[in-house]
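This report refers to the structure that appears directly beneath it.
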Amino acid sequence: MDDFIVIGWPEIQKYMELEGFEENTALITPNPYLGIDSSTYLVDKNWYNSVELN
């Protein structure tokens, strides 16, 4: 099972141009009950860790 983290706007901008972004993220539909605004993504934790180490 994959682990994911949630990254919102504007922090997600840092990752949008990186290789693998589309394959390793999923846009979360805005949900005010969960405090999720627009442009919030689920991000594969393994991919996130690999790009943060570079």
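The values are calculated or read from the model by the stated rules, or taken from the named source; none is laboratory data. Remember, it's a predicted structure, so these values are computed and weren't measured experimentally. Every residue, glycine among them, receives a Cβ derived from its backbone with ideal geometry; neighbour counts consider all protein chains shown. Ligands, DNA and RNA are stripped out before the accessible areas are found, and what is left, the full protein with its side chains, is counted by its heavy atoms. Shrake-Rupley method; radii C 1.70, N 1.55, O 1.52, S 1.80 Å.
Counted by Cβ distance under 12 Å from Phe21, the other residues give a net charge of -4, where Lys and Arg count +1 and Asp and Glu count -1.
For the chain, the Cα-based Rg and Dmax, in that order, read 11.1, 35 Å. Computed in the context of the full set of protein chains, the accessible area of the chain at 1.4 Å probe radius has 51% of its extent on carbon or sulfur. Counting only protein heavy atoms and using a 1.4 Å probe, the accessible area of Tyr41 comes to about 30 Å². Sorting Asp3, Asp44 on solvent-accessible area from highest to lowest, probe radius 1.4 Å, gives Asp3, Asp44.
Kindly sort Val6, Val43 by accessible area of their heavy atoms, largest first, with the probe set to 1.4 Å.
Details: Val6 90, Val43 0 Å².
The residues order as Val6, Val43, largest area first.
For the chain, which span is the longest to avoid every loop-located (per DSSP) member of GluC sites (Glu not before Pro) having at most 14 other Cβ atoms inside 10 Å? The answer is 20-54.
In square angstrom, what is the accessible area per residue of the chain with a 1.4 angstrom probe? Kindly include the intermediate steps, with their values, before the conclusion.
Details: 4240 Å² over 54 residues.
Spelled out: the 1.4 Å probe surface of the chain, per residue, equals 79 Å².
Comparing mean-square fluctuations of Leu42, Leu18, Leu27 from a GNM of the chain with C-alpha springs under 10 Å, the top value falls on Leu18.
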